[in-house]
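Colleague: I'd like to ask some things about the structure below.
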Amino acid sequence: MAVALKWIDETAKGKRPVFWSDNPAFDWQFWNWYCHKFAGRNPAGFSARRIGDLDAGRRNDPFNASSWKKQRITRHTHNPVDDARGNAEGLRWVLQQMGKVLS
């Protein structure tokens, strides 16, 4: 956790990080617990955002909140590591579609 939080702090460059997930109501609880248990803090605070909501807004289609999932490369196995990788791949794709190019 110390390595993960160090990477987040360096990547955020002074801005407050945002926790993004497919299902933040579920995933955030685990992230928050691990952050506090092993590092004493959660850099994202007590809020999170849903990838599907961002993509639905981008598409201007509030009833299409799952199309982004087709952009996952890592198979959705319900293993937390695989799911996190797939979410990152999907979020990266959504942001690229919005012109927020990530390196």
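The values are calculated or read from the model by the stated rules, or taken from the named source; none is laboratory data. Worth saying up front: this structure is predicted, and the values here are computed from it rather than measured. Cβ placement follows ideal geometry from the backbone for every residue including glycine, while neighbour counts extend to all protein chains displayed.
Colleague: Could you check, for the stretch 38-46, whether at least one of its residues is modelled with pLDDT of 95 or more and either farther than 19 Å from A12 by Cα or touching a Gly at 6+ places or on another chain (Cβ under 9 Å) (or both)?
Modeller: yes
Colleague: Pick out, from the stretch 1-81, the helices (runs of 4 or more DSSP H) lying fully within it that include 3 or more residues that are surrounded by 12 or more Cβ atoms within 10 Å (Cβ to Cβ) and charged (D, E, K, R).
Modeller: On the way: elements: 2-12, 24-38, 51-59.
Result: 51-59.
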